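The structure under discussion appears below in the form of structure tokens.
The values are calculated or read from the model by the stated rules, or taken from the named source; none is laboratory data. Predicted model, so just to flag it, every value in this text is computed and none were measured. Don't worry about glycine lacking a Cβ; one is built from the backbone with ideal geometry, like all the others, and counts go over all protein chains shown.
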Amino acid sequence: MTRYLLRRIVETLAVLLLLSACVYAVFYVLPGDPARLICGKICLPDQLTAIHQKLGLDQPLWEQYLHFLQGLVAGRDYSSGPSVNHCPAPCLGYSFQTDQPVTGLLLDRLPVSLSLTLGAAVLWLVIGVGTGLVSGLRPGSLADRALTAVALAGTATPVFVLGLVLLLVFCVYLAWLPFPGYVPLTEDPVAWAQNLLLPWLTLALTTAVVYSRLTRTTLLEILAEDHIRTLRAYGVPERRIIGRHALRGTLTPIITLFGLHVGTVLGSTVLTESLFGLPGLGKLLIDAVNTIDVPVVVGATLLSGFAIVVGNTLADLLYHFADPRVHLT
Amino acid sequence: MTLSVKGLTVRYPGVTAVDDLSFDLPDGGSLAVVGESGSGKSTTAAALLGLHRGTRAQVTGTVELDGVDLTTLPDERLRAVRGRRIAMVFQDPLSALDPFFTVGDQIASVYRLHTRAARRASRQKAVEVLNRVGIPDAARRVRAHPHEFSGGMRQRALIAMALALEPSVLVADEPTSALDVTVQAQILTLLADLRAQSGMALLFVTHDLAVAAQIADDVLVMRHGRAVERGPVRRVLTAPAEPYTRELVDAVPRLHTPRAAPEPAAPRNAAVTVHGVSHHYRRGAHALKGISLEVREGETLGIVGESGSGKSTLARIMAGLLPPTHGRVAFDGGPRMRQMVFQDPASSFNPRRQIGASVAEPLLTARSGPAGDAVSDAVGDALERVGLGPEYTARYPHELSGGQRQRAAIARALIARPKLMICDEAVSALDVTTQAGILRLLTDVQRELGLAMVFVSHDLAVVRQVSDRVAVMKDGELVELADAETLFEAPQHPYTRLLLSTAPALDGDRPDSH
């Protein structure tokens, strides 16, 4: 187990290293100069050079990248004129646009994204697995076909359409909910949930279908397996066959999907965030891309990548406990 | 009368699997239901426990257990009968237990369900029955998961589950067909012992007449869902009254009947020589350890062994499909001169291509091979040689029976005019009557074309029918290599003797018996 975890940690670091190098390379190749954007409309060549120097853009790419790595591991000093700013490890640098440390920016946004993703994840798991079980237990029934149709409609509906409809219905016509904004959980848990309910629903309803389908298929497969026949031949009641035996096998592949999914969604909820005015990681990333704010892009990408790898590792660990045949090596 | 079946009929949409079947099984009696695939024997077994409820199958007729008709019993009451009064053991022990629960848990929970015994007592019962079926160190193994058990142990565990409830009837559906012969012999002995001790009646479904002869007092021969013949096993198998039964009995390969008209083999050159070949898979134990042998032109070398003996690995190395980790294989000829025929003809053909296209494949991959009409002529010839008309060229694999598909697989091997043909369990998935035909075909083409042939099988009797010389393998080692006559009549190695003595044989087949 320890060996396995060590190996996974080394792998994670390798993935993140590669990821950061890729992001650097991509932004080097792309057209556009962040310094020019900062400099404004009337920009003198001297000013531009100064900004270049300040941002470190006058150095060759590999040197910029090395400095970035150095900051990440050991921290680094930024000197602008006479004053020296120390940025402690893990230092992701300063935003080109706002001059704020990237770590701070990410930490501000992370609770929003976590609240949104984890809340939605619970919902889509409940909705997806629930409907999948109903469908799988009565394949071809009216309920199965109705749920299949609804699920299809759910995936086919773009997030912004579904979100807008929910907003109109619940906030405008029925006025049951306030227009969403972000209230931290620590401040007011009730308001937190109230404000996030619609974003959660939007995200969950468009995602649940995958779980619903997977649950249905897996359940049907397992119910056709030999060991289920054995239980029937030994007079085990159907309720217990499903509740104790079939369900367990059905849930194991869900774990794998869920682990990957939560990590992926964490950094890619920009549509939902924009629609409901939530200051999350997705929006931060998109804004940074548009202004060629490389340190922010790299930081946000690394955080998202980290979330995916961690989610995946957790899923593998869970799988090990869920399925006695799986050994971690 | 324990079990009485009258007019049992099972219809699936469009097909009648069991047609008006009647038989009785007395207290403590044993009946073997034999038949080829599709004869309805497994459907019959499942119908006895009412396992078709809730499926699309339509069941009519009566299944009376001690005077109670199980077919009309309400679900709740039937559940109380299942396991408790009539229990079942299945063919594939690898998948018949839930992989997520320990073996002990599964036995204990079924026991608890029927007897309402306390948790502790149920667990003790599980240990007790596992002990009784011969699981070593049962007190500890009760906590193992099914994947930690070998196939034979899993089958024992399933029998233990049945045993815990002391049913009056045990239905066993091909319980040893997936097991090695030595393990099969152990399970058969176990079942016979348990029947003698507990007095439960045994209904044993099998395709293997020799197994039926060993386990049962009576035999019921089925074909197309109907009973063909029924009677004491000795009488039916030695003096069958029905032509179909006779056909079936005659098709069974015999261990001690020499190969039909063996040709005096003139000494010839080696077609393929294996020099000190060892192989190990990544992280695995050694699959092969220092094997050296040769196959001469015009000769058939049989290779027998149990699962895990390395016989298939050796076959693949000889075919050039797998480079050995050590040693080398000397073969004089191109890659297409070595052809292989596999066990499962259903999955060794691309289901989306016509048979003709698949058979032509070895020609088309050749750089300077024939083209156009020459290819279709060659395909037609090859199909004809294996007894399939040219009309099979345009058929798809699913339109062929298992035997026809295996014929097509042989045609595909022959079309490249190979010097060496390797058959890996090529008849193991086939019914005996079909198997007999394929064995005849293999012998014929080998004679005609003077091929060197390697015939890999777990079935000693089948190997005897086709081989000039036989190699016996165990745990990756070659334990004995001799000409067929010597190996079967005067085996030298103890393991060969064990294999020969445990292989089920039809009555009177074994000269040293009685």
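Here A:Y234 passes the criteria (1) buried (at least 21 other Cβ atoms within 10 Å of the Cβ); (2) closer than 23 Å to A:G128 by Cα; (3) of a type in the set (S, T, Y) except the one numbered (2). Taking A:S274, is it assigned to a loop (DSSP other than H, G, I, E, B) and surrounded by fewer than 23 Cβ atoms within 10 Å (Cβ to Cβ)? So A:S274 does not fit the description; no.
Among the residues of region B:61-110 satisfying the criterion of being polar (S, T, N, Q) and either buried (at least 24 other Cβ atoms within 10 Å of the Cβ) or in contact (Cβ under 8 Å) with a residue 12 or more places away in the chain (or both), which is nearest to A:H327 (Cα to Cα)?
The first filter runs over region B:61-110 and keeps only residues polar (S, T, N, Q), leaving B:62, B:71-72, B:91, B:95, B:102, B:106, B:109.
Those still in the list that are either buried (at least 24 other Cβ atoms within 10 Å of the Cβ) or in contact (Cβ under 8 Å) with a residue 12 or more places away in the chain (or both) too: B:62, B:71, B:91, B:102, B:106, B:109.
Numbers: B:T62: 49, B:T71: 45, B:Q91: 27, B:T102: 16, B:Q106: 22, B:S109: 26 Å.
The extreme case among them is B:T102.
Residues checked against (1) of a type outside the set (S, T, N, Q); (2) at pLDDT 95 or above; (3) closer than 20 Å to B:M200 by Cα:
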{"residue": "B:F90", "(1), (2), (3)": "yes, no, yes"}
{"residue": "B:F101", "(1), (2), (3)": "yes, no, no"}
{"residue": "B:I107", "(1), (2), (3)": "yes, yes, yes"}
{"residue": "B:R119", "(1), (2), (3)": "yes, no, no"}
{"residue": "B:V129", "(1), (2), (3)": "yes, no, yes"}
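The rows are residues; the columns are (1) under 20 Å from B:M318 (Cα atoms); (2) crowded, with 23+ Cβ neighbours inside 10 Å; (3) within 24 Å of the chain's Cα centre (by Cα).
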| residue | (1), (2), (3) |
| --- | --- |
| B:P335 | yes, no, no |
| B:R338 | yes, yes, no |
| B:L363 | no, no, no |
| B:R417 | yes, no, no |
| B:V427 | yes, yes, yes |
| B:T433 | no, no, yes |
| B:G437 | no, no, yes |
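Determine whether B:E148 is in contact with a helix residue (DSSP H, G or I) (Cβ under 9 Å, 6 or more places away or on another chain), at pLDDT below 95, surrounded by fewer than 17 Cβ atoms within 10 Å (Cβ to Cβ) and within 20 Å of A:G235 (Cα to Cα). No: the conditions fail for B:E148.
Looking across region B:195-223 at every residue that is part of a helix (DSSP H, G or I) and touching a residue at least 40 places away in the same chain (Cβ under 8 Å), the one that is farthest from B:R234 (Cα to Cα) is identified as B:R195.
Is it true that B:I303 is farther than 28 Å from B:P397 by Cα and not hydroxyl-bearing (S, T, Y)? Here the answer is yes, as B:I303 does meet what is asked. All of (1) closer than 24 Å to B:T313 by Cα; (2) under 27 Å from the mean Cα position of the chain (by Cα) hold for B:V359 with one exception: (1).
Given the condition away from every other protein chain (no Cβ under 14 Å), on the phi < 0 side of the Ramachandran plot and at pLDDT 90 or above, answer yes or no: does some residue in region A:247-256 qualify? If you could, list the steps in order and put the result at the bottom.
Kept after step one, since they are away from every other protein chain (no Cβ under 14 Å), are these residues of region A:247-256: A:254, A:256.
In the following step, the residues that additionally are on the phi < 0 side of the Ramachandran plot were identified as A:254, A:256.
In the following step, the residues that additionally are at pLDDT 90 or above were identified as A:254.
For region A:247-256, residues away from every other protein chain (no Cβ under 14 Å), on the phi < 0 side of the Ramachandran plot and at pLDDT 90 or above: present.
For region B:356-378, a residue qualifies if it is modelled with pLDDT of 85 or more and among the hydroxyl-bearing types (S, T, Y), and the qualifying residues are B:S358, B:S376.
Considering region A:307-329 alone, what residues qualify as being assigned to a loop (DSSP other than H, G, I, E, B), within 13 Å of another protein chain (Cβ to nearest Cβ) and surrounded by fewer than 16 Cβ atoms within 10 Å (Cβ to Cβ)?
Selection gives A:R325, A:V326, A:H327, A:T329.
Pull up region A:237-246, narrow it to residues that are within 9 Å of chain B (Cβ to nearest Cβ) and under 17 Å from B:R112 (Cβ atoms), then point me to the one that is surrounded by the fewest Cβ atoms within 10 Å (Cβ to Cβ). Here the residue is A:R240.
When the test is whether a residue is crowded, with 20+ Cβ neighbours inside 10 Å, over 20 Å from A:L185 (Cβ atoms) and polar (S, T, N, Q), A:S135 passes it. Every listed requirement among (1) crowded, with 17+ Cβ neighbours inside 10 Å; (2) more than 30 Å from A:V150 (Cβ to Cβ) is met by A:L116 save one, (2). Region A:158-236 holds helices (runs of 4 or more DSSP H) entirely within its bounds, and those carrying 2 or more residues that are away from every other protein chain (no Cβ under 14 Å) map to A:159-167, A:189-223. I'm trying to understand the selection: among the residues of region B:71-85, which are within 12 Å of chain A (Cβ to nearest Cβ) and either farther than 23 Å from B:L191 by Cα or part of a helix (DSSP H, G or I) (or both)? Passing the criteria: B:L73, B:D75, B:E76, B:R77, B:L78, B:R79, B:A80, B:V81.
Please go through region A:29-60 and pick out each residue that is within 20 Å of A:L72 (Cα to Cα) and in contact (Cβ under 8 Å) with a residue 12 or more places away in the chain.
Going through region A:29-60, the residues within 20 Å of A:L72 (Cα to Cα) turn out to be A:54-57, A:59-60.
Matches in region A:29-60: A:K54, A:L55, A:L57.
Does B:S42 meet the test of being more than 11 Å from chain A (Cβ to nearest Cβ), closer than 30 Å to B:S428 by Cβ and crowded, with 16+ Cβ neighbours inside 10 Å? Taking the combined requirement at face value, the residue satisfies it. Pairs under 6 Å by beta carbon, first residue β-branched (V, I, T) in region A:2-20, partner in a helix (DSSP H, G or I), six or more apart or different chains? Cβ pairs passing all conditions: A:T12/A:V309; A:V15/A:V309.
Does region A:192-213 include one or more residues that are over 23 Å from A:S113 (Cα atoms) and either in contact with a His (Cβ under 9 Å, 6 or more places away or on another chain) or surrounded by fewer than 15 Cβ atoms within 10 Å (Cβ to Cβ) (or both)? Lay out the reasoning, then the answer.
Here is the first cut: in region A:192-213, the residues over 23 Å from A:S113 (Cα atoms) are A:212-213.
Okay, now just the ones that are also either in contact with a His (Cβ under 9 Å, 6 or more places away or on another chain) or surrounded by fewer than 15 Cβ atoms within 10 Å (Cβ to Cβ) (or both), so none.
No.
Got a sec? Which helices (runs of 4 or more DSSP H) wholly within region B:389-495 have at least 3 residues that are in contact with a Leu (Cβ under 7 Å, 6 or more places away or on another chain)?
Qualifying helices (runs of 4 or more DSSP H): B:402-414, B:432-449, B:460-466.
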